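Presented below is the structure to which this report refers.
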Amino acid sequence: MIYQKYINLKYKPTKNDLVCVFKITPAKGVSKKRAIGAVAAESSTGTWTSLLTMPEKRMLKLGAKVFEIKGNYAKIAYPIELFEVGNISQLLSSIAGNIFGMKEIQSLRLEDIIFPKKYVSKFKGPELGLKDLRKYTGIKNKPLTGSIFKPKLGLTPKEQAKNAYKIYSNGIVFTKDDENLSSMQFNKFKERVLKMLEIVDKIKDEYGRNVIYAPNITAPYQTMIKRAQFVKDHGGKCVMIDFLTVGWSAFKEFRNQNFKMFIHLHRASHASFTRNKDHGISMLVLSKLVRLIGCTTLHTGTIFGKMEGSKQEIIEIDKFLRSKWFGLKQVMPVASGGLHPGLVPKLVNILGNDLLINFGGGLWGHPMGAEAGAKAISQAVNATIKNISLKDYTKTHKELRVAIDKWGN
Ligand code: CAP
Ligand code: MG
């Protein structure tokens, strides 16, 4: 059986091999080795039967090698020659393509990819990274705080801009459109951007602070480019892209335009294939691919908020994004989703300060209004970095107390 020939437990990966870690659950009645061999074959040079078009020795030499099997986890080494330089789509069509549909497996999850320098060196990584964001905002040793306008759809540009002023002037440094706001009848892109950038300028004039607005340019590629250029032409410093719904190719091509603007990446739709721990692709893999292409900030989860994501997984992803990695700039992780001021201390204690913490409902739902919502967030961050318990801080900070009365901690 050809599949098993892709298993070679004596194989030692070379420094140029790309290594994938898979979690493989064989289908009923299929041996583990057959299932794992099938994944290695189908994701590299093989298929379901022997062939006459190439000597088997040559096909296996260029093929993937299963070099480690531990329980349901297999490590597979791929010769770098199997991948086109700089082509993420082709990489995924190989190691995250047909294999998920094979009858030999019941479920399959691509847990991690260990990239060789030879592969990474062909990518630019972030044009503007974590350090550039801190430099621009002037915020050094504490998390950045941001907000998403809510309700997520329905506000007019004028309403959004008015709300933006209320929170920028009370300590919020970053605001973004929601992931499903692009250019709607009730909120046209250009009108929104112009009104929002006027507020950004107003804050600069009145407070001397650089604040950031991330307009969502998610759209067909050419429209994205036009919208990004419009933002840049009007003094904007950042754009937001839902990278999975625009696609890897569009995201990479956009990055390659070198707009010299911050790129805020939203991961809408990721959970369709990251949350099932037996089948799909891990958020760690997505994070590595995103950093290869390059962005400034990436949503990675909150542990305590409304979205699924384990503490261990989010710690690992955030650590990777901030790590030294073949000279590529760092990416700032974004914690967003169901967050409110009461969660700030435990979030920062676990995920650290190099974080953008975004609040949607946890700001706009504050009983005293948006200004108080923004103040409560700043108060929670200040209490955390001063190592003062929220309980004590609420004694002298009403906005925080009202937030904790409503949402707890
Ligand atoms: C949060 C949010 C974010 C998600 C993203 C929303 O709003 O704007 O898009 O949290 O999730 O639309 O739900 P709230 P993730 O603060 O009101 O929850 O960062 O996990 O991709
Ligand atoms: Mg959202």
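Brief remarks on what is shown
- Estimated purely from DSSP H runs of n ≥ 4, each contributing -39500 (n - 2.57), the mean residue ellipticity at 222 nm for the chain is -11500 deg cm²/dmol once divided by its residues.
- Considering all C-alpha pairs of the range 292-409, those separated by over 17 Å amount to 55%.
- Spatial separation of Cα centroids for the range 57-120 and the range 348-409, in angstrom: 45 Å
- FRET efficiency, K188 to S121 (Cβ-Cβ, R0 45 Å, nearest 0.05): 0.60
- Judged by the ratio a/c of the largest to the smallest principal axis of the C-alpha gyration tensor, the range 104-209 counts as oblate, that ratio being 1.5 or greater while a/b is no larger than b/c.
- Positive dipole terminus of the chain, leading residue within F174, L400, Y11 (C-beta point charges): Y11
- Extension gain from N98 to D233, taking 0.36 nm per residue of separation minus the Cα-Cα distance: 44.3 nm
- As a calculated quantity, the FRET efficiency between D405 and L52 at R0 = 56 Å, using C-beta atoms, amounts to about 0.15.
- Taking packing as the residue-averaged number of other Cβ atoms within 10 angstrom, the listed peptides 189-199, 282-292 run from highest to lowest as 282-292, 189-199.
- Backbone N within the range 180-195 under 11 Å of label point (7 Å from K152 Cα along the Cβ vector): 180-181
- Approximate shape of the chain as ellipsoid semi-axes (Cα gyration tensor, √5λ), whole Å, largest first: 44, 23, 18
- When the Cα atoms of the range 3-120 are aligned to their principal axes, the ranges along those axes come out at 40, 34, 28 Å in descending order.
- Computed FRET value (nearest 0.05) for D392 with N180, which takes r as the C-beta separation and R₀ as 41 Å: 0.55
- Taking a straight Cα-Cα cut-off under 18 Å and skipping sequence neighbours fewer than 8 places away in the same chain, the lysines within cross-link reach of K61 are K5, K10, K12, K15, K75.
- Net charge over other residues, Cβ less than 9 angstrom from the Cβ of S107 (K, R count +1; D, E count -1): +1
- Which listed pairs, of K70/K329; K277/K406; K166/K406; K28/K306, have C-alpha distances above 30 Å, in listed order: K70/K329; K277/K406; K28/K306
- Percent RCO, i.e. relative contact order, over the range 3-120, from Cα pairs under 8 Å lying at least 6 residues apart: 41 percent
Values in this text are rule-based calculations from the coordinates and carry no lab data. What you see is a predicted model, and the numbers here were worked out from it, not measured in a lab. Cβ sites come from the backbone with ideal geometry, for glycine too, and all protein chains shown count toward neighbours.
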